[in-house]
Amino acid sequence: MFNNLTDRLSQATRNIIGRGRLTEYNIKDTLREVRIALLEADVALPVVHEFISQVKINAIGQDVNKSLTPGQEFIKIVRNALITAMGEENNELRLNVQPPAVILMVGLQGAGKTTSVGKLGKWLHEKHTKKVLVVSADVYRAAAIKQLEIIAQQANINFYQSNINESPIKIIKNALNEAELNFYDVLLVDTAGCLHIDSKMILEIQKIQTELNPIETLFVVDAMTGQDAVNSAKVFSEQLNFTGIILTKVDGDVRGGAALSIRHVTGKPIKFIGVGEKNDALEAFHPKRIASRILGMGDMLSLIENIENKVNRRQVENLAKKIKNGSNFDLNDFLEQLKQMNNMGGITNLITKLPSIDRLSNNIKLKMDDKVLVGMEAIINSMTHKERKKPEIIKGSRKRRIAMGSGMQVQDVNRLLKQFDVMQRILKKMINSGDINKIFSNIKGISKLTKN
């Protein structure tokens, strides 16, 4: 999401490195570059003005911390300004109420609202062990109710069967009654999306909001629409008392301006971001982590949480036992590791959370693509059972057959076999020294610290 902004800010802050002191004169050019970077990222003009003003005031004449260089001090000031723009802290859902806690989802049509209902339901069920019921009050869009039913099944959460012949008010009353009778912790209500700022639809949502008195009303907005996302959020905030924002499609080719502008314009916090199409691709929004990611410092805390939540611990332990007992790490095992990497969001998602990624050359960044994982899986899937068990038998004619079957080149097959060989040796060394257990215990320990 922030690739271009990260590159531009990294270039701008490099200009200040090596300065003896931060002065109005020597930060002038850097501030201009930062301003251009923000404008190119589609950040709202008032936000840009306030951001630059805050950085300038805090930077000029700043007594540089003895442990930091002036360049590092300036980056710290920029990071603090980014955090301020996005809202300081993560704003959690207010669930400490008499159940069921009602969460109302609103937004424009096509923003990913129904999908976000499923993602949020899964997140609440798995991360907070909540008993969740979802219901659709959208009686206008064809198959909207059926879509939510399928999404709920995939997310392993409960679905209340509504009917297009009923009024939205009757639907939500019945769903609330169902949630109360069956002791649900959370009721998630999906409303009809507006094609534009439709006063009739706004009035309907206001009636639903009055009837339900939800603990949270979340506005779902598509980050790819840039300033339009901010403008629509502003209009909705004036007519609906929503409590937070879910920013969807942040994994797409967007410039990041919505994330930096929307809090300032609406006064409402971003609570979640959608980072992919899968039903687990939802992350709590942490301004400090996002600010670090924008400045190329990585986001190790989110990466650690990702590993803890999505790596199959039992599978790794079984693999360790297998190798300790003298069996080889084969290509079936390698395929499982690739699938686990996909579960964590793929290469693209992982590398954005690693520090100093902006220092890598564009050539290397281009090679770090999720298509690489897809190609590797295709190659292994084109092998016979015997070839996966004994990769050493894969020679010339077999390589050509595998390449043709996977739609890849022979050199791609060679590359995979070489990577497999390296991973096989590293894993064997780690398991024999007990490092895998250390890694998991460290992840567990660090993740506990981040929650305190």
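Computed from the coordinates by the stated procedures, all read-outs in this text should not be read as laboratory data. Quick caveat: nothing in here was measured; it's all calculated off a predicted structure. Because the Cβ atoms are built from the backbone with ideal geometry, glycine has one as well, and the counts that use them run over all protein chains shown.
General remarks:
- Cα gyration tensor shape for the stretch 147-217, rounded if a/c is under 1.5, else prolate or oblate: prolate
- For the stretch 129-195, applying the loop criterion from DSSP together with a ceiling of 16 other beta carbons within 10 Å to the trypsin sites (Lys or Arg not before Pro) yields K131, R141.
- Listed peptides 239-248, 99-108 appear in the order 99-108, 239-248 once ranked by packing, highest mean of other Cβ atoms within 10 Å at the front.
- With the convex hull drawn around the C-alpha atoms of the stretch 134-260, the volume per residue stands at 124 Å³.
- For the set K130/K288; K371/K418; K113/K271; K234/K268; K122/K249; K207/K271, the pairs lying more than 20 angstrom apart at their alpha carbons are K130/K288; K207/K271.
- Cα centroid separation, the stretch 96-139 to the stretch 162-203: 11 Å.
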